[in-house]
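Read the structure below first, then the notes.
The values are calculated or read from the model by the stated rules, or taken from the named source; none is laboratory data. Keep in mind that what you see is a predicted model, and the values were worked out from it rather than measured. Backbone-built Cβ (ideal geometry, glycine too); neighbour counts: all protein chains shown.
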Amino acid sequence: MDTPDHTHVTPKKKKNPFFLFVLPIILIVGALAFAGIASKLKSKPEKQEVKEILPVVEVTIAESETLRLNVLAEGNVQARTETNLFAEVSGSIQKISPAFFAGGFFKKGDILIEIDSTDYEANLATAKSRMAEAQVVYEQELAQSEQAKEDWIAMDKGEPNNLVLRKPQLTRANAQIDAAAAAVRIAERDLERTRIKAPYDGRVREKFVDLGQSVNARSSSLAIIYSVDIAEIRLPLSVNEIGFLELPEEYRDDNASKPKPSVSIQTKYAGKTYSWDGIIDRTEGTIDPRTRLTYVVAQVQNPYAKNSKDTTAPPLKVGMFVQAEILGKEISNAFKLPIQALRSGGRVLTIDDSKQVNIRNVTIIKENIDSVIVSGGIEEGDRVCLTPLEYIVDGMKVAIEGEESEADAETPNNNEA
C-alpha cells in the first residue's frame, strides 16, 4: 500500500526586474555623467617649454701687453768671503779686541788678538846681530881682496886670478849677509804674527779662544770671521728659466763686460716683509747632473748698512732664507692669464659672441704658479674660459657667469602685473 507524501514544497519568489535591469543602467549612466562633469571642471595643464641646461663658466678678458719675464728663485744669504783664522805662531794670548766676540764688527787692519811676543822679539834681535856680523865679515873680505890686488900688481906678476883676489871668500861673505837678512825678515814676520790683524772689514761668526789661552802655530783655530762688504745668494735655475734672462756668462779669453740683471731680494722678518736691491754677478761654471739645475750668484752691497728703502729693515744677515725676483727679458704682444685658463696640450678656450666654445692652441712662453704667459692663438678682447669642464667640444654652448642667458631673456616674468 502506498504511503502518502507529506513533504511541503515552498514556492520560489520571482526576482524584481527593476533590480535586474533598471538599477544597473541608472548607475552606469550616473557614473558616465559624473565623469563627464568632472572632466569639464578639470583645468587643462599649462604647456611648459623645455629649457636647455648649459654649463655656467667664468671668463676673463684677454689683454695684450708688454711683459717682463721675471724669474723667481730662493736661496740662503752667504758672505762673499769667510775665513777660519789660525795662529801662525805659538804662545799665550795676552790681549783680545773688544770686538772679538760672536757678532762683533771690525775693520780691516784692526788687531783682534795679541800673542806673547817676548820670544819673537829676542829672535829678531839675534837675527839682526848675526846680520851685522855678516856685514863685518864681508867688509873685511872686501878690504883683503883690494889689498891682494894692489900687492899682486906691485909684484908685476901678470893678471891676478880669483883666488888671489879672494873672490870666493867675498861670495861666501855676501851669501852670509843674504842669509842673515832673510833670518831678520823671518823674525820680523813672526813678531808681526803675534798680532792677529783683520784681513778685511767683517764680523766674527764664532770664536774659539780667549784671554790667557795658549795656542800652537798652524794648528790652533782662533775664530771664524766673514766679510760684510757684499752678501751673496746662490740661486738655482732650470734650463728653461735661464732662457728668460740675460746672464753674465763667462767665456775663456773673453774680457768683454757682460750685462748684470737687477734682482730684488725679499724676506719676511718678525712678521714684516723687507726687500733689498742687488745684481746677478755671475753664473757658476757647471750644471748639477742630479737636478739639471745651474746656479747664479746674486750680490747685495753693504748688507749690514741701513736699508735706504726702509730704515726700519734689519740687516741682511748671513744665513737668512730669501726669495729673489730676477729682472728678465722684455716681450711684447703677450697675454698674462690665470693658470686656470690653461688646458692640456697648450690650449685655451675662448667664448665667442654666440656663447660658443672655441678651442685655441697657444704658445706658452712662461708658466708660473698662479699665472701663465702666452702668445698667439688669442686676440685682444677675447673672453677666455677659466672654469674646468669635464667634456669639451668645439662649438658647444655655455652660459657665462654674471650674464643673463638667452633662454632667461626670452622667458616672460609671470610676476609682472
*Among the numbered criteria (1) touching a residue at least 24 places away in the same chain (Cβ under 8 Å); (2) surrounded by fewer than 17 Cβ atoms within 10 Å (Cβ to Cβ); (3) closer than 20 Å to Gly328 by Cβ, which single criterion is violated by Val263?*
(2)
*When only residues in the stretch 363-398 that are over 12 Å from Leu342 (Cα atoms), surrounded by fewer than 17 Cβ atoms within 10 Å (Cβ to Cβ) and of a type in the set (D, E, K, R) count, which is farthest from the chain's Cα centre (by Cα)?*
Lys397
*Any chance the stretch 243-259 includes a residue that's surrounded by fewer than 18 Cβ atoms within 10 Å (Cβ to Cβ) and at pLDDT 90 or above?*
no
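One line per residue, one yes/no per condition, for (1) in contact with a Gly (Cβ under 9 Å, 6 or more places away or on another chain); (2) assigned to a strand (DSSP E or B):
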site: Val296; (1), (2): no, yes
site: Ala305; (1), (2): no, no
site: Lys309; (1), (2): no, no
site: Thr312; (1), (2): no, no
site: Pro315; (1), (2): no, no
site: Ser332; (1), (2): no, yes
site: Gly345; (1), (2): no, no
site: Val357; (1), (2): yes, yes
site: Ile364; (1), (2): yes, yes
*Can you tell me which residue in the stretch 180-237 is farthest from Ile93 (Cα to Cα), limited to those that are surrounded by fewer than 16 Cβ atoms within 10 Å (Cβ to Cβ) and basic (Lys, Arg)?*
Arg234
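Got at least one residue in the stretch 200-219 being free of Cβ contacts under 8 Å to residues at least 40 places away in the same chain and either of a type in the set (Asp, Glu) or not assigned by TED's automatic domain parsing to the domain that holds Gly319 (or both)?
Checked against the condition, which is being free of Cβ contacts under 8 Å to residues at least 40 places away in the same chain and either of a type in the set (Asp, Glu) or not assigned by TED's automatic domain parsing to the domain that holds Gly319 (or both), the stretch 200-219 yields no hits at all.
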*Please identify the pairs in which a residue from the stretch 302-318 that is assigned by TED's automatic domain parsing to the domain that holds Glu232 has its Cβ atom under 7 Å from the Cβ atom of a residue that is acidic (Asp, Glu) and assigned to a loop (DSSP other than H, G, I, E, B), counting only partners at least 6 apart or on another chain.*
Asn302/Asp229
